[in-house]
Amino acid sequence: MKPTISRREALATLGASLASLAGAPRAAAPSAPSPTATLPAPMEEVPYVQTPPHAVRRMLQLAEVSARDTVWDLGSGDGRIVIASARDFGARSTGYEIDPALIAESRRLAQAARVAGRAQFLERDLFTLSFAAPSVVTMYLLPEFNLKLRPLLLAQMRPGARVVSHEWDMGDWQADETLTLPSPDKPYGTARERRIFLWWIPATVAGRWRVQLPKAAAHAAQGLTLDLSQTLQMVTAGAAQGRVAWSLLRGTELALAWVAADGRSRWLLTGQVAGDTWRGEVQALGAWANTTEARAAPFVAQRVG
Ligand SMILES: C[S@@+](CC[C@H](N)C(=O)[O-])C[C@H]1O[C@@H](n2cnc3c(N)ncnc32)[C@H](O)[C@@H]1O
(Lines give C-alpha, C1' and ligand atoms only; values in the text may rest on other atoms or scores of the structure.)
Protein backbone atom coordinates (compact mmCIF):
# COMPACT_ATOMS: atom_id res chain seq x y z
CA MET A 1 0.00 0.00 0.00
CA LYS A 2 1.32 3.42 -0.87
CA PRO A 3 2.08 5.73 2.03
CA THR A 4 -1.15 7.34 3.17
CA ILE A 5 0.33 10.66 4.22
CA SER A 6 2.48 12.04 1.42
CA ARG A 7 5.02 14.66 2.39
CA ARG A 8 3.02 17.21 0.39
CA GLU A 9 -0.17 16.25 2.26
CA ALA A 10 1.57 16.36 5.61
CA LEU A 11 2.92 19.78 4.80
CA ALA A 12 -0.50 21.01 3.69
CA THR A 13 -2.06 19.87 6.96
CA LEU A 14 0.89 21.18 8.84
CA GLY A 15 0.31 24.57 7.22
CA ALA A 16 -2.80 24.88 9.37
CA SER A 17 -0.54 24.64 12.42
CA LEU A 18 1.75 27.50 11.52
CA ALA A 19 0.73 29.43 14.58
CA SER A 20 1.89 26.56 16.72
CA LEU A 21 5.26 26.42 14.96
CA ALA A 22 5.56 30.18 15.26
CA GLY A 23 5.29 29.90 19.01
CA ALA A 24 1.58 30.39 19.72
CA PRO A 25 0.02 28.04 22.29
CA ARG A 26 -0.95 24.71 20.86
CA ALA A 27 -4.63 24.53 19.87
CA ALA A 28 -6.76 22.28 22.01
CA ALA A 29 -7.32 18.80 20.55
CA PRO A 30 -10.50 18.78 18.48
CA SER A 31 -13.45 18.07 20.68
CA ALA A 32 -15.45 14.96 19.92
CA PRO A 33 -18.41 15.72 17.66
CA SER A 34 -21.83 14.97 18.97
CA PRO A 35 -23.34 11.94 17.25
CA THR A 36 -25.23 12.74 14.09
CA ALA A 37 -27.94 15.21 14.97
CA THR A 38 -30.89 13.76 13.09
CA LEU A 39 -31.04 10.21 14.33
CA PRO A 40 -34.09 8.30 13.24
CA ALA A 41 -36.04 6.41 15.87
CA PRO A 42 -34.27 3.13 16.73
CA MET A 43 -35.25 0.36 14.32
CA GLU A 44 -34.88 -3.35 14.61
CA GLU A 45 -33.93 -3.86 10.99
CA VAL A 46 -32.09 -1.75 8.48
CA PRO A 47 -34.46 -1.10 5.58
CA TYR A 48 -33.29 -1.83 2.05
CA VAL A 49 -32.31 1.50 0.50
CA GLN A 50 -29.77 1.63 -2.29
CA THR A 51 -26.64 3.75 -2.52
CA PRO A 52 -26.85 5.50 -5.91
CA PRO A 53 -24.02 4.68 -8.38
CA HIS A 54 -22.27 8.06 -8.11
CA ALA A 55 -22.10 7.67 -4.32
CA VAL A 56 -20.86 4.07 -4.64
CA ARG A 57 -18.01 5.34 -6.80
CA ARG A 58 -17.11 8.12 -4.40
CA MET A 59 -17.14 5.70 -1.42
CA LEU A 60 -14.69 3.38 -3.15
CA GLN A 61 -12.50 6.24 -4.37
CA LEU A 62 -12.39 7.74 -0.89
CA ALA A 63 -11.15 4.41 0.49
CA GLU A 64 -8.57 4.24 -2.35
CA VAL A 65 -9.77 0.75 -3.24
CA SER A 66 -7.42 -1.11 -5.61
CA ALA A 67 -6.71 -4.61 -6.84
CA ARG A 68 -4.75 -5.22 -3.61
CA ASP A 69 -7.90 -4.86 -1.51
CA THR A 70 -10.38 -7.28 0.00
CA VAL A 71 -13.65 -5.35 0.28
CA TRP A 72 -16.64 -6.39 2.40
CA ASP A 73 -20.00 -4.66 2.18
CA LEU A 74 -22.08 -5.20 5.32
CA GLY A 75 -25.74 -5.50 4.32
CA SER A 76 -24.97 -5.64 0.61
CA GLY A 77 -28.48 -5.19 -0.82
CA ASP A 78 -28.41 -5.88 -4.57
CA GLY A 79 -24.60 -6.12 -4.45
CA ARG A 80 -23.82 -2.83 -6.17
CA ILE A 81 -20.89 -1.83 -3.94
CA VAL A 82 -19.39 -5.32 -4.14
CA ILE A 83 -19.82 -5.51 -7.91
CA ALA A 84 -18.44 -2.00 -8.50
CA SER A 85 -15.39 -2.63 -6.30
CA ALA A 86 -14.57 -5.80 -8.28
CA ARG A 87 -15.49 -4.46 -11.74
CA ASP A 88 -14.13 -0.89 -11.54
CA PHE A 89 -11.38 -1.15 -8.92
CA GLY A 90 -10.17 -4.77 -9.36
CA ALA A 91 -10.76 -5.75 -5.70
CA ARG A 92 -11.82 -9.16 -4.38
CA SER A 93 -15.12 -8.46 -2.72
CA THR A 94 -17.77 -10.09 -0.57
CA GLY A 95 -21.28 -8.94 0.25
CA TYR A 96 -22.99 -10.10 3.45
CA GLU A 97 -26.77 -9.85 3.42
CA ILE A 98 -29.61 -11.36 5.44
CA ASP A 99 -32.23 -11.23 2.70
CA PRO A 100 -31.91 -14.35 0.47
CA ALA A 101 -33.82 -12.71 -2.40
CA LEU A 102 -31.22 -9.91 -2.48
CA ILE A 103 -28.40 -12.48 -2.41
CA ALA A 104 -29.91 -14.22 -5.45
CA GLU A 105 -30.31 -10.90 -7.26
CA SER A 106 -26.70 -9.91 -6.42
CA ARG A 107 -25.34 -13.17 -7.83
CA ARG A 108 -27.33 -12.64 -11.03
CA LEU A 109 -26.02 -9.07 -11.39
CA ALA A 110 -22.43 -10.18 -10.68
CA GLN A 111 -22.72 -12.79 -13.46
CA ALA A 112 -24.06 -10.15 -15.83
CA ALA A 113 -21.16 -7.83 -14.91
CA ARG A 114 -18.70 -10.75 -15.47
CA VAL A 115 -17.21 -10.40 -12.00
CA ALA A 116 -18.68 -13.51 -10.38
CA GLY A 117 -15.10 -14.82 -9.90
CA ARG A 118 -14.10 -11.84 -7.77
CA ALA A 119 -17.45 -10.87 -6.19
CA GLN A 120 -19.22 -13.32 -3.88
CA PHE A 121 -22.37 -13.01 -1.79
CA LEU A 122 -23.07 -14.81 1.47
CA GLU A 123 -26.29 -14.96 3.41
CA ARG A 124 -25.10 -13.98 6.88
CA ASP A 125 -26.03 -11.73 9.77
CA LEU A 126 -23.27 -9.13 9.76
CA PHE A 127 -22.94 -9.33 13.55
CA THR A 128 -21.70 -12.93 13.28
CA LEU A 129 -18.65 -11.87 11.24
CA SER A 130 -15.05 -11.49 12.33
CA PHE A 131 -13.26 -8.62 10.60
CA ALA A 132 -9.61 -9.68 10.40
CA ALA A 133 -9.72 -10.40 6.65
CA PRO A 134 -11.04 -7.29 4.87
CA SER A 135 -8.79 -4.33 4.09
CA VAL A 136 -11.89 -2.22 3.37
CA VAL A 137 -15.35 -2.44 4.97
CA THR A 138 -18.24 -0.47 3.49
CA MET A 139 -21.68 0.05 5.02
CA TYR A 140 -24.97 1.86 4.61
CA LEU A 141 -26.78 0.93 7.79
CA LEU A 142 -28.18 2.93 10.72
CA PRO A 143 -26.47 4.89 13.51
CA GLU A 144 -27.02 2.25 16.16
CA PHE A 145 -25.63 -0.46 13.84
CA ASN A 146 -22.51 1.65 13.22
CA LEU A 147 -22.01 2.16 16.95
CA LYS A 148 -22.41 -1.54 17.64
CA LEU A 149 -19.93 -2.41 14.88
CA ARG A 150 -17.38 0.21 15.93
CA PRO A 151 -15.61 -1.74 18.72
CA LEU A 152 -15.56 -4.89 16.58
CA LEU A 153 -13.98 -3.08 13.64
CA LEU A 154 -11.43 -1.30 15.84
CA ALA A 155 -10.45 -4.51 17.62
CA GLN A 156 -10.42 -6.88 14.67
CA MET A 157 -9.42 -4.98 11.51
CA ARG A 158 -5.72 -4.52 10.78
CA PRO A 159 -4.14 -1.10 11.33
CA GLY A 160 -4.22 0.70 7.99
CA ALA A 161 -7.50 -0.92 6.92
CA ARG A 162 -10.35 1.44 6.00
CA VAL A 163 -14.02 1.76 6.90
CA VAL A 164 -16.45 3.74 4.75
CA SER A 165 -19.98 4.57 5.81
CA HIS A 166 -22.70 6.11 3.70
CA GLU A 167 -24.81 8.57 5.69
CA TRP A 168 -23.99 7.68 9.33
CA ASP A 169 -21.00 8.49 11.47
CA MET A 170 -19.41 6.53 14.35
CA GLY A 171 -20.27 8.81 17.25
CA ASP A 172 -17.14 10.30 18.78
CA TRP A 173 -14.75 8.28 16.58
CA GLN A 174 -14.08 11.24 14.33
CA ALA A 175 -13.86 10.43 10.63
CA ASP A 176 -10.49 10.95 8.93
CA GLU A 177 -12.33 12.34 5.91
CA THR A 178 -15.92 13.33 5.18
CA LEU A 179 -17.55 14.03 1.83
CA THR A 180 -20.90 15.69 1.26
CA LEU A 181 -22.45 14.90 -2.11
CA PRO A 182 -25.35 16.88 -3.56
CA SER A 183 -28.20 14.44 -4.07
CA PRO A 184 -31.39 16.10 -5.34
CA ASP A 185 -33.09 12.71 -5.84
CA LYS A 186 -32.57 11.46 -2.25
CA PRO A 187 -35.78 9.62 -1.35
CA TYR A 188 -35.87 10.36 2.41
CA GLY A 189 -35.07 13.14 4.86
CA THR A 190 -35.06 16.85 4.14
CA ALA A 191 -31.37 17.29 3.25
CA ARG A 192 -30.81 16.86 -0.47
CA GLU A 193 -27.29 15.62 0.09
CA ARG A 194 -25.49 12.48 1.18
CA ARG A 195 -22.57 12.16 3.53
CA ILE A 196 -19.74 9.69 3.20
CA PHE A 197 -17.34 9.04 6.07
CA LEU A 198 -13.91 7.41 5.94
CA TRP A 199 -11.92 6.05 8.89
CA TRP A 200 -8.48 4.44 8.88
CA ILE A 201 -7.97 1.79 11.57
CA PRO A 202 -5.24 3.46 13.64
CA ALA A 203 -2.00 1.73 14.57
CA THR A 204 -1.19 1.76 18.27
CA VAL A 205 1.52 4.40 18.62
CA ALA A 206 1.18 5.38 22.28
CA GLY A 207 4.37 5.05 24.31
CA ARG A 208 7.93 6.28 24.53
CA TRP A 209 9.94 6.31 21.31
CA ARG A 210 13.70 6.70 20.83
CA VAL A 211 14.48 8.23 17.46
CA GLN A 212 17.85 7.75 15.78
CA LEU A 213 18.25 10.92 13.80
CA PRO A 214 20.25 10.85 10.57
CA LYS A 215 23.52 12.78 10.30
CA ALA A 216 21.74 15.71 8.67
CA ALA A 217 19.64 16.29 11.80
CA ALA A 218 22.07 15.04 14.45
CA HIS A 219 23.30 18.54 15.29
CA ALA A 220 19.73 19.38 16.49
CA ALA A 221 19.87 16.80 19.30
CA GLN A 222 22.15 13.98 20.39
CA GLY A 223 19.14 11.69 20.60
CA LEU A 224 15.43 12.35 20.42
CA THR A 225 12.92 10.85 22.86
CA LEU A 226 9.22 11.28 22.12
CA ASP A 227 6.27 10.49 24.40
CA LEU A 228 3.06 9.80 22.49
CA SER A 229 -0.43 9.42 23.89
CA GLN A 230 -3.37 8.41 21.78
CA THR A 231 -7.16 8.28 21.70
CA LEU A 232 -8.22 6.43 18.55
CA GLN A 233 -6.31 8.24 15.77
CA MET A 234 -5.83 11.44 17.81
CA VAL A 235 -2.21 11.67 18.95
CA THR A 236 -0.58 14.15 21.27
CA ALA A 237 3.17 14.11 21.53
CA GLY A 238 5.84 15.62 23.74
CA ALA A 239 9.60 15.64 23.22
CA ALA A 240 12.32 15.36 25.86
CA GLN A 241 14.38 17.71 23.64
CA GLY A 242 12.44 20.66 22.25
CA ARG A 243 8.75 20.14 21.48
CA VAL A 244 6.35 18.56 19.03
CA ALA A 245 4.33 21.23 17.23
CA TRP A 246 2.00 19.00 15.24
CA SER A 247 1.20 15.32 14.74
CA LEU A 248 -1.02 13.22 12.53
CA LEU A 249 -1.77 9.48 12.50
CA ARG A 250 -3.56 7.90 9.58
CA GLY A 251 -3.67 4.12 9.74
CA THR A 252 -0.04 3.05 10.09
CA GLU A 253 1.40 6.35 8.83
CA LEU A 254 2.63 8.69 11.56
CA ALA A 255 3.84 12.22 10.86
CA LEU A 256 5.00 14.88 13.28
CA ALA A 257 6.78 18.22 13.31
CA TRP A 258 9.54 18.50 15.89
CA VAL A 259 11.02 21.82 16.97
CA ALA A 260 14.51 21.33 18.44
CA ALA A 261 15.46 22.82 21.81
CA ASP A 262 17.12 25.84 20.14
CA GLY A 263 13.63 26.80 18.90
CA ARG A 264 14.90 27.45 15.38
CA SER A 265 15.64 24.04 13.95
CA ARG A 266 12.41 22.35 12.77
CA TRP A 267 11.95 18.89 11.32
CA LEU A 268 9.17 16.91 9.70
CA LEU A 269 9.26 13.18 10.47
CA THR A 270 6.96 10.95 8.42
CA GLY A 271 6.94 7.17 8.34
CA GLN A 272 5.25 3.82 8.81
CA VAL A 273 4.64 2.22 12.20
CA ALA A 274 4.97 -1.57 12.32
CA GLY A 275 4.76 -2.96 15.85
CA ASP A 276 7.44 -1.19 17.92
CA THR A 277 9.31 0.28 14.94
CA TRP A 278 8.61 3.58 13.21
CA ARG A 279 10.65 3.99 10.05
CA GLY A 280 10.59 6.88 7.62
CA GLU A 281 12.20 10.11 6.53
CA VAL A 282 13.07 13.34 8.25
CA GLN A 283 13.32 16.67 6.50
CA ALA A 284 14.28 20.16 7.65
CA LEU A 285 11.46 22.72 7.69
CA GLY A 286 11.66 26.46 7.23
CA ALA A 287 10.48 28.98 9.80
CA TRP A 288 6.91 28.78 8.51
CA ALA A 289 6.79 25.04 8.08
CA ASN A 290 7.73 25.42 4.43
CA THR A 291 10.01 22.83 2.89
CA THR A 292 13.60 23.77 2.39
CA GLU A 293 16.16 22.60 -0.15
CA ALA A 294 17.33 20.09 2.43
CA ARG A 295 17.00 16.51 1.29
CA ALA A 296 14.89 14.03 3.24
CA ALA A 297 17.02 11.47 5.08
CA PRO A 298 15.95 8.13 6.56
CA PHE A 299 15.34 7.70 10.30
CA VAL A 300 14.29 4.81 12.49
CA ALA A 301 12.63 4.92 15.90
CA GLN A 302 11.96 2.16 18.45
CA ARG A 303 9.25 2.08 21.08
CA VAL A 304 11.00 1.59 24.40
CA GLY A 305 8.11 1.82 26.81
C1 LIG B 1 -29.60 0.47 3.43
S2 LIG B 1 -29.39 -1.09 2.68
C3 LIG B 1 -27.83 -0.89 1.88
C4 LIG B 1 -27.66 -1.81 0.67
C5 LIG B 1 -26.30 -1.63 -0.05
N6 LIG B 1 -25.20 -1.81 0.87
C7 LIG B 1 -26.23 -0.28 -0.68
O8 LIG B 1 -25.53 0.58 -0.11
O9 LIG B 1 -26.86 -0.06 -1.74
C10 LIG B 1 -29.01 -2.12 4.10
C11 LIG B 1 -29.02 -3.61 3.82
O12 LIG B 1 -28.61 -4.28 5.00
C13 LIG B 1 -29.31 -5.52 5.09
N14 LIG B 1 -29.25 -5.92 6.49
C15 LIG B 1 -29.95 -5.42 7.54
N16 LIG B 1 -29.58 -6.02 8.69
C17 LIG B 1 -28.63 -6.92 8.38
C18 LIG B 1 -27.87 -7.86 9.14
N19 LIG B 1 -28.02 -7.95 10.47
N20 LIG B 1 -26.97 -8.62 8.48
C21 LIG B 1 -26.81 -8.54 7.15
N22 LIG B 1 -27.52 -7.67 6.37
C23 LIG B 1 -28.41 -6.87 6.97
C24 LIG B 1 -30.69 -5.15 4.60
O25 LIG B 1 -31.40 -6.31 4.17
C26 LIG B 1 -30.37 -4.19 3.45
O27 LIG B 1 -30.27 -4.87 2.23
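Can you name every residue in the range 87-112 that is aliphatic (A, V, I, L, M), buried (at least 16 other Cβ atoms within 10 Å of the Cβ) and more than 13 Å from the ligand (Cβ to nearest atom)?
Ala91, Ala110
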Scan Thr190, Thr138 and give me the residue that is at pLDDT 95 or above, β-branched (Val, Ile, Thr) and more than 23 Å from Val273 (Cβ to Cβ). Thr138
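So which of Thr128, Thr138 is of a type outside the set (Lys, Arg), without any contact (Cβ under 8 Å) to a residue 12 or more places away in the chain and within 11 Å of the ligand (Cβ to nearest atom)? I'd like the intermediate steps shown before the answer.
Numbers: Thr138 fails: without any contact (Cβ under 8 Å) to a residue 12 or more places away in the chain.
Criteria check complete, one pass: Thr128.
Can you find a residue in the range 36-52 that is outside any loop (DSSP other than H, G, I, E, B) and at pLDDT 95 or above?
From the range 36-52, those outside any loop (DSSP other than H, G, I, E, B) are none; that's our starting set.
No, the range 36-52 contains no residue that is outside any loop (DSSP other than H, G, I, E, B) and at pLDDT 95 or above.
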Which ones in the range 155-187 are under 15 Å from Val65 (Cβ atoms) and of a type in the set (Val, Ile, Thr)? Val163, Val164
Residue tally, condition of a type in the set (Gly, Ala, Ser), closer than 18 Å to Glu281 by Cα and surrounded by fewer than 20 Cβ atoms within 10 Å (Cβ to Cβ), over the range 206-242: 3
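Criterion first (hydroxyl-bearing (Ser, Thr, Tyr), surrounded by 14 or more Cβ atoms within 10 Å (Cβ to Cβ), touching a residue at least 24 places away in the same chain (Cβ under 8 Å) and not assigned by TED's automatic domain parsing to the domain that holds Ala161) does Thr277 satisfy it?
Working: hydroxyl-bearing (Ser, Thr, Tyr): yes; surrounded by 14 or more Cβ atoms within 10 Å (Cβ to Cβ): no; touching a residue at least 24 places away in the same chain (Cβ under 8 Å): yes; not assigned by TED's automatic domain parsing to the domain that holds Ala161: yes.
No; evaluated as a whole, the condition is false for this residue.
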Val115 is checked against (1) closer than 30 Å to Gln272 by Cβ; (2) more than 21 Å from the chain's Cα centre (by Cα) and fails just one. What number does that condition carry? (1)
Can you name the residue in the range 141-168 that is within 11 Å of the ligand (Cβ to nearest atom) and free of Cβ contacts under 8 Å to residues at least 40 places away in the same chain and, of all such residues, is farthest from Phe197 (Cα to Cα)? Lys148
Can you tell me which residue is nearest to Pro184 (Cα to Cα) among those in the range 50-83 that are within 11 Å of the ligand (Cβ to nearest atom) and among the hydroxyl-bearing types (Ser, Thr, Tyr)? Thr51
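The values are calculated or read from the model by the stated rules, or taken from the named source; none is laboratory data. Not measured: the values here are computed from a predicted model. Note that each Cβ is placed from the backbone with ideal geometry, even for glycine, and that neighbours are counted across all protein chains shown.
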